[in-house]
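Chemist: Dumping the structure here so I can ask a few things about it.
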Amino acid sequence: MSAVPLNATPSSGPLERSVTLLGATGSIGTSTVDLIRRARDRYRVEAVTASTNGTALAALARDLGARFAAVADPAAYEDLKSGLSGSGIEAAA
């Protein structure tokens, strides 16, 4: 008798994972972004969030191809919205 892995279905490569980054502009978030950038074919970024840095979050959302970006501080919303203008990425606060 032999062990069969649960994911015994043959695949053509690594599975793409859908991720949401909470606190993407903070220290743990930037480490996670670094990991994603090194393995772009393995991750699809759905959403990114930050507390107050709308400008940095907009640049990050564009770079990672996120579909959605949100800031916790409503005062940072205008920076986020203008930074995402024309990108098709939805912005919120």
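The values are calculated or read from the model by the stated rules, or taken from the named source; none is laboratory data. Since this is a predicted model, take the numbers as computed values, not measurements. Here Cβ is always computed from backbone atoms with ideal geometry, including for glycine, and neighbour counts include all displayed protein chains. With ligands, DNA and RNA removed, areas are computed over all heavy atoms of the protein, side chains included. Shrake-Rupley method; radii C 1.70, N 1.55, O 1.52, S 1.80 Å.
Chemist: Being within 11 Å of the chain's Cα centre (by Cα) and open to solvent by less than 70 Å² (accessible area, probe 1.4 Å) narrows it down to one of V48, V71, so name that one.
Modeler: V48
Chemist: Take R62 and tell me if it is modelled with pLDDT of 95 or more, under 14 Å from G83 (Cα atoms) and among the basic types (K, R).
Modeler: yes
Chemist: Just one of the numbered conditions (1) closer than 25 Å to L15 by Cβ; (2) over 13 Å from the mean Cα position of the chain (by Cα); (3) among the aliphatic types (A, V, I, L, M) is not true of L35; which one?
Modeler: Every listed condition holds for L35 apart from (2).
Chemist: Another one. Would you call T55 open to solvent by 30 Å² or more (accessible area, probe 1.4 Å), closer than 14 Å to E90 by Cβ, modelled with pLDDT of 95 or more and among the hydroxyl-bearing types (S, T, Y)?
Modeler: No, not satisfied.
Chemist: Write out, first by first residue and then by second, each pair whose Cβ atoms fall under 8 Å of each other, whose residues are 6+ apart or on separate chains, and whose first residue, in the range 79-93, is farther than 9 Å from T55 by Cα and polar (S, T, N, Q) while the second is in a strand (DSSP E or B) and open to solvent by 80 Å² or more (accessible area, probe 1.4 Å).
Modeler: Partner pairs satisfying both residue conditions: none exist.
Chemist: Which condition does P14 not pass, out of (1) part of a loop (DSSP other than H, G, I, E, B); (2) open to solvent by 30 Å² or more (accessible area, probe 1.4 Å); (3) in contact with a helix residue (DSSP H, G or I) (Cβ under 9 Å, 6 or more places away or on another chain); (4) at pLDDT 95 or above, if it passes all the others?
Modeler: Against the list (1) part of a loop (DSSP other than H, G, I, E, B); (2) open to solvent by 30 Å² or more (accessible area, probe 1.4 Å); (3) in contact with a helix residue (DSSP H, G or I) (Cβ under 9 Å, 6 or more places away or on another chain); (4) at pLDDT 95 or above, P14 comes up short only on (4).
Chemist: Still on this structure, please answer the following. Kindly indicate the residue of the range 65-92 that is touching an Asp or Glu at 6+ places or on another chain (Cβ under 7 Å) and not in a strand (DSSP E or B) and also nearest to R44 (Cα to Cα) among those meeting that condition.
Modeler: A66
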